[in-house]
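Below: one structure, written as structure tokens.
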Amino acid sequence: MTNLALIATLLMIMALAYHMGLTRSRAVAAEHDVRMHSRPGYYGALVALWCGLPALALFLLWSFLAPQLIEMLVTHQLPADMVAGMSDRELVTFLRRVTALANERSVSGGGTSEELAAAAHMARLQTFENLSLVALMAVFAVTGLVVARRNISPQWRARNQVERVITIALAASSGVAIFTTVGIVLSMLGETLKFFTFISPAEFFLGTTWNPRFSTSGTDAQGEFGLLPLLWGTMMVSAIALLVAIPVGLMTAIYMAEYAPPWLRNVAKPIIEILAGIPTIVYGFFALIVIGPFLSNVGDLIGINIRTTSALTAGLVMGIMIIPFVSSLSDDIITQVPKSLRDGALGLGATKSETIRQVVLPAALPGIVGAFLLAASRAIGETMIVVLAAGNNPVLHANPFEAVSTITVTIVNQLTGDMDFASPQSLVAFALGLTLFVITLGLNVIALIVVRKYRQQYE
Amino acid sequence: MSITIEQRRQHRLMTIEKSLATRHRKEKRFRRLGLMAVMTGMTLVAILFASILMRGVPAFWQATFFMELYFDPEVIQLEEKPERASGESPSDFNQRLSAWQTQAGLVNWQVLIDRALEDKLSEDLEPSQLRDLRALLASNERFTLRNKFMDDPSLLGQTIEVKMLASANVDVWLKGNIDRDLADARQQLSAQTRAWADQLYEEGIIRNAFSTALFLNTDSRSSPASAGLAGAFMGSLFMMMIVIALSVPLGVASAVYLEEFAPKNRLTDIIEININNLAAVPSIVFGLLGASIFIGYLGLPLSAPLVGGLVLTLMTLPTIIIATRASLRSIPPSIRQAALGIGASKVQTVFHHVLPIALPGILTGSILGVAQALGETAPLLLIGMNAFVANVPSTPFEQSAALPVQIYLWQGNELRNFFEARTSAAIIVLLALMLSLNALAIWLRKKFETRW
């Protein structure tokens, strides 16, 4: 039986169990002529849970353990001298090929006689394993059902138990977010440590040359993995982006919050929010075919050599991308400044702009700074715009009209194509990813603390 | 004494009045600056959309041949298509059928096309001109012809009107997307082919017809004119189905737990901070997670929508949690108190009263999260979805492209003149999907908005 069919059958049995629990609880109530503790639906649900949960747990545990057990048995059954002659890595490849053969997938070059024999053995084991799983699950489900159904009595607190299961399930779901973070950190840390066995951290963090030769092109040369040119490129592009986004975004927010008549607010806000919803690949394409050539032409006119794909192109378009981000965050923060502060300033005879500049903005400053930090973190982590428009030139230079490369671009370059997790050329992507993660995390944490402090101030 | 006070007052008023003009001018300038910023934002949206639409809309119509084609029995020397005889086993029949199909594949379909074209050009061609002639049509149209015949063998000996795609270069030439005055050496088509293309266009044999290929075909390397979005669309659809099936229930469940059940302690504080941070983690980091855990550790297949869906699920989860929590928080406590007051349990209160009221907000947040996932590119590149895939995936476990990745691949194609328009058309399709999702979200929010 395939796993899908197995789960579907289990669900059907659970539905049956629900029905049995429901009717049974009604029968019990009628028989003893009493009020049950819970409504019939809860008894049904509880019987279904008793029937399904143990079987499901068994299924999960089984699908996790059984393949490993089978591989162990297959390895055990192989001729001893053959296993002894293979390195760990060869053994893993061998087992992978055998697994493919046993599941009737083709492997490159057919299969050797040993492989075929092992595959036949494995196929037999798998059939046995599958049958026993089905049998065991059936036993679990039926036992659970029978026991729970017999337990139904007016005193059984079915609702409380069902609710406890629901609460546990809810809590478990909120654990997924934690596991994601842990997964990110652990997976990247693991690969990064592997990377540092090839290249020392000092070389990585302080190196000024980025030139990762792929192992096929050179002989033993590993290439140079200096982070600084990439970090510098990232900073340059982000700085240009912020120079565009902060003034425009902040002024938009001020105008929207303080001056705009309601009709303009209703029209302009959704339009600017559209900018926030556009996928970054579209911005990248826009940069490549519109902004890049435009800047290059402008450069020709005033006599500067601006490349079509440059830090300026990427930064400008990235700035456009984060305008709505800056403006909606600052808008929220400006509207949170208490009205009494404004009234005070206006009452003293200040004009509206003086009120904004000398009272509202200073009061809102921490929050706005937080918004800028969040915007910066977004700019640093942005990928597609720089992949398309920054030109991929990992060299340390201070000319914004030249091509640069960033951390994100390099991650994409190093990890697309071959997926070989053993060479420093791919592993470096994880080291870069971890660096990126730490930088953005730092910015976010500071920003969140600042914004939270700011909120408390006026609550 | 009183005079000096009066004088001072006068003096002060004078200064204020004098400065007033400047201050008001400043006020106006500041205001204008704000308006300019708003206008800048709106202009940028306009430029972006205009430039994409200008390039992309023409690509929905493509140079197409409309001409008669004779299925010449002398060229198509084939036995009759096998019919299943009574008493024949299915495998025998399939064997006969596939033998017939192989035979059909060996027929020189190109000759039929060549002859039809020669007929239209009413010229006798030298064999050396054949190359120029064949450059007119998309190179895989001969397979389209073959498939058409295999579906309906009764076409043999008939002359029918067929619709065939012109090659990408002809499309570019006829649309004027390449400078017509360029020297021969820099043109992608020979002078002869260009002359023919112009002639056939004037005669109405080549027309600009709505490009169904863009929607029905998959990506193609050998024949760029017939490259389409079908495979990428299915890939994205599978991923969105996975995202909706996983991230919405998980996200809503964890938001409900955190907002309604969780005790306020250290642990839930950490979870909360963690979720806020996760929402701001760059998307490419999720791609790294997918590459190392789903592909490297769990051994899931490369380029599969399954892996893409899982990565995007993790990425969307915080967005949905945050939106759901905001929506739950906006429900006044009186609703909960009323339910609890008449004896409902905590779980009953939440599931029977709070969640139904919060539903519109939850839906809006979920749709926005899914729309964001639909447009995400970077993490997909890291799990191998940038591979060239030439068929429509039928399960989430097969190799597949995705809409945004297809855009990425097309913008990098060397045939710039043709693919710039094709890419813009793909962007229009993607934006149309995303904007309709966004519009749906906004409509839901407006329709069900309750003010307490």
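Laboratory data are not the source of any read-out in this text; all were calculated from the coordinates shown. Everything quoted here is computed from the prediction, not taken from an experiment. Note that each Cβ is placed from the backbone with ideal geometry, even for glycine, and that neighbours are counted across all protein chains shown.
For the pair residue B:183 and residue B:442, the difference between a 0.36 nm per residue extended length and the Cα-Cα distance amounts to 87.9 nm. In this simple spin-label model, placing a label point 7 Å from the Cα along the Cα-to-Cβ direction at both residue B:203 and residue A:81 gives a separation of 7.8 nm. Among all the lysines, which ones have a C-alpha under 20 Å from residue B:120's C-alpha, if same-chain residues fewer than 8 places away are not counted? Partners within reach: B:163. The per residue volume of the convex hull around the alpha-carbon atoms of the range B:64-209 is 128 Å³. Highest mean first, the peptides A:353-361, B:327-335, B:172-180, B:250-258 sorted by other C-beta atoms within 10 Å per residue fall in the order B:250-258, A:353-361, B:172-180, B:327-335. A Förster distance of 41 Å, applied to the separation of the beta-carbon atoms of residue A:100 and residue B:74, puts the FRET efficiency at 0.30.
Size check on the range B:361-432: the Cα extents along the three principal axes, sorted descending, read 45, 28, 22 Å.
Working from the pairwise distances between different alpha carbons, so that the mean of 1/r is found and then inverted, what is the range A:224-457's Kirkwood radius in Å? For the range A:224-457, inverting the mean 1/r across all distinct Cα pairs yields 19.3 Å. For the residue pairs A:339/B:446; B:81/B:148; A:339/B:264; A:269/B:26, the C-alpha atoms sit more than 24 angstrom apart in A:339/B:446; A:339/B:264; A:269/B:26.
Work out the FRET efficiency for residue A:35 and residue B:351 from their Cβ-Cβ distance, taking R0 = 25 Å, and round it to the nearest 0.05.
Values: r = 23 Å, r/R0 = 0.91.
Here the calculated transfer efficiency is 0.65.
Label-to-label distance for residue B:66 and residue A:224 is 6.4 nm, based on points extended 7 Å past Cα in the beta-carbon direction.
Look at the stretch A:316-325: the mean tally of other chain Cβ atoms within 10 Å of its residues' Cβ atoms is 2.
Within the range A:1-152, the ratio Rg/Rh, alpha carbon atoms throughout and Rh by Kirkwood, equals 1.24. Among the residues of B:365-375, the average count of other protein chain beta-carbon atoms within 10 Å of the residue beta-carbon is 1. For residue B:28, the aspartates and glutamates whose Cα falls under 13 Å of its own Cα, not counting residues fewer than eight places away in the same chain, are A:354. Helix B:109-121 and the long axis of chain B differ in direction by around 90°, with both axes built from C-alpha atoms.
Just order A:323-331, A:442-450 by mean Cβ neighbour count inside 10 Å, highest at the front, would you? The partial results should precede the final answer.
Working: A:323-331: 24.4, A:442-450: 17.9.
Ranked by mean Cβ neighbours within 10 Å, highest first: A:323-331, A:442-450.
Residue by residue along A:351-360, Cβ atoms of other protein chains within 10 Å of the local Cβ number 3 on average. Is any residue of the range B:391-422 close enough, with backbone N under 18 Å, to a label point placed 7 angstrom from the Cα of residue B:216 along the Cα-Cβ axis, and if so, which? Under cut-off, by backbone N: B:391-393. Computed over all pairs of different Cα atoms, the Kirkwood value for the hydrodynamic radius of chain B is 27.7 Å. With only Cα atoms counted, chain A has Rg and Dmax values of 31.8, 98 Å. Using a cut-off of under 12 Å, list every residue of the range B:274-308 whose amide N is near the label point 7 Å from the Cα of residue A:456 along the Cα-to-beta-carbon line. Inside the label zone: nothing. Taking packing as the residue-averaged number of other Cβ atoms within 10 angstrom, the listed peptides B:385-392, B:279-286 run from highest to lowest as B:279-286, B:385-392.
Among complete DSSP H helices in chain A, those whose alpha-carbon atoms stretch at least 15 Å along the helix's long axis and whose mean Kyte-Doolittle hydropathy reaches 1.6 are A:228-254. P(r) tail, the range B:338-398: Cα-Cα pairs separated by more than 20 Å, 58% of all pairs.
Consider a paramagnetic label point 7 Å from the Cα of residue B:273 along Cα→Cβ; state which residues of the range B:242-262 have an amide N under 20 Å from it. It comes to B:255, B:258-259, B:262, nothing else. The modelled label-to-label distance for the pair residue B:335/residue A:209, using points 7 Å beyond Cα in the direction of Cβ, is 6.5 nm. Shape class for the protein assembly as shown, computed from the alpha carbon gyration tensor (a ≥ b ≥ c): oblate, with a/c not under 1.5 and a/b at or below b/c.
Extension gain, residue A:130 to residue A:332, is 66.9 nm, computed as 0.36 nm per intervening residue step minus the present C-alpha separation.
Per residue Cα convex hull volume for the range B:230-448, in cubic angstrom?
Values: hull volume 29.0 nm³, N = 219.
Each residue corresponds to 133 Å³ of Cα convex hull volume.
On a 0 to 90 degree scale, rounded to 10, what angle separates helix B:2-56 from the longest Cα axis of chain B? So the inclination is approximately 20 degrees.
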